[in-house]
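Before any comments, here is the structure.
What follows draws every value from the coordinates through simple rules; no lab data is involved. Since the model is a prediction, treat every value here as computed from it, not as a measurement. Don't worry about glycine lacking a Cβ; one is built from the backbone with ideal geometry, like all the others, and counts go over all protein chains shown.
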Amino acid sequence: MPEPAEHPAYPVGLRLSGRRVVVIGGGQVAQRRLPALVAAGADVVLVSPSATPSVEAMAEAGEIRWTRRRYEEGDLAESWYVLVATGDTEANARASAEAERSRIWCVRSDDAEAATAWTPATGRSEGVTVAVLTGRDPRRSAAVRDAIVEGLREGSIAAPHVRARTPSVALVGGGPGDPDLITVRGRRLLAEADVVIADRLGPRDLLDELPPHVEVIDAAKIPYGRFMAQEAINNALVEHAKAGRSVVRLKGGDPYVFGRGMEEAQALAEAGIPCTVVPGISSSISVPSAAGIPVTHRGVAHEFTVVSGHVAPDDPRSLVDWQSLARLRGTLVILMGVDKIGAIAAALVSHGKDPATRVALVQEGTTAAQRRVDATLATVAETVRAEEVRPPAVIVVGDVVGVGVPTLP
């Protein structure tokens, strides 16, 4: 018999793979519950004269077996678990009585007090199953479930692995600077990390949220010795991973947009270390957006080009075709170009770009220190000096700089 209401349900995880499960009724309740039973590998038998189109499709696909009639005594034979979900109260009671006599755990959608089992509100995140029971308050169960699953996914609830793990590294794009703009997956991997090797341009506020045991390494302060800076960082990633630690390489923006992420991925592959790459929101798009600048706009710009400005146009190491860029009618976004903007503007003008072309510099974009400085190609070098614009700053060149949101009354 069901336990008295004052006694809590005993939580347990049923392993139903290959075991017979009977579902009586093919309506909306069955439609919601069947996918999880199928995913658990159960041998599901549906007993019902009719079914919703979705349930019928599951039967046609061979995911469940369908007996097209009403419940009859003996239908529960050899079953391990039963879900009774019809609109016929008398049939539900008879099926529930058979389950009781046969000592089969039985869920009843119409009468929780008459059931011998309750279905929790469940959710999953990266191999973790969350199941919540709050007695006869299913909405509260669902709300608690959602809060826990969201916390696991975004990393605000830490659930680190404690058993031995395969050495691995995650290259995580942290976004443009605002800690809320990192991806959900990136934040979760940070919460699971043992070691975080962080760039100066990564979202620094996220580091304050890490547990005390996490080792945070400033990539700029890794001893280089006889190594180049990037080589030393690659070696640190490999060494910490081989020591059995969960390593996150936290970068600003996206790992593969001027972030040298592929060099790190290649070094890890050569060392036999599995590597996960988590894309990030690139500052080339997000920072102009935060400053009210769309990189494309109907009737203004149908293209945008992103280039690195860390090498001057007249430097023989430059791989940028500035002459072609000057002929483009769309938006030009320049990263890492503050100290070279004078030479860049001169090169664009010399190749035919109008000196009156508008330019915006957005410093510390998406952070509390964000500021925007406007100029033209003709004035930008002097403006940068006068306004003391400092890196990091994203530079936008083109007519979109003049596109703004109308002021509301």
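Here are the numbers for this structure:
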| read-out | value |
| --- | --- |
| Loop-located GluC sites (Glu not before Pro) in the stretch 1-79 whose Cβ has at most 14 other Cβ within 10 Å (DSSP) | Glu6, Glu72, Glu73, Glu78 |
| Percent of alpha-carbon pairs separated by more than 23 Å within the stretch 165-257 | 18 |
| Under 29 Å, Cα to Cα: Lys pairs in the chain, sequence gap 8 or more or different chains | 6 |
| Estimated inter-spin distance, Lys242 and Arg139, nm [label 7 Å along Cα→Cβ] | 5.8 |
| Alpha-carbon Rg with Dmax, taken over the stretch 49-141, Å | 15.0, 42 |
| Reciprocal of mean inverse Cα separation for the stretch 1-82 (Kirkwood radius, Å) | 13.6 |
| Calculated FRET value between Glu209 and Thr276, using beta carbons and R₀ = 30 Å, to 0.05 | 0.90 |
| Calculated SAXS-style log₁₀ I(q)/I(0) at q = 0.07, 0.08 Å⁻¹ - the chain, Debye, Cα scatterers | -0.55, -0.66 |
| FRET efficiency for Arg317 and Glu150, using Cβ-Cβ distance with R0 set to 45 Å, rounded to 0.05 | 0.45 |
| Projected label distance in nm at Val184 and Trp105, using a 7 Å step from Cα toward the beta-carbon | 2.8 |
| Approximate spin-label separation Arg226-Ser350, in nm, with each point projected 7 Å along Cα-to-Cβ | 4.2 |
| Residues listed by number, the stretch 88-119, amide nitrogen under 19 Å from Arg32 label point at 7 Å toward C-beta | 88-89, 92, 106-119 |
| Ranked packing of 236-245, 390-399, 13-22, most packed first, by mean Cβ within 10 Å | 390-399, 236-245, 13-22 |
| Stokes-Einstein D for the stretch 203-356, Kirkwood Rh over Cα pairs, 37 °C, 0.692 mPa s (µm²/s) | 178 |
| Largest-first ellipsoid semi-axes for the stretch 284-402, taking √(5λ) over the Cα gyration tensor eigenvalues, angstrom | 19, 17, 13 |
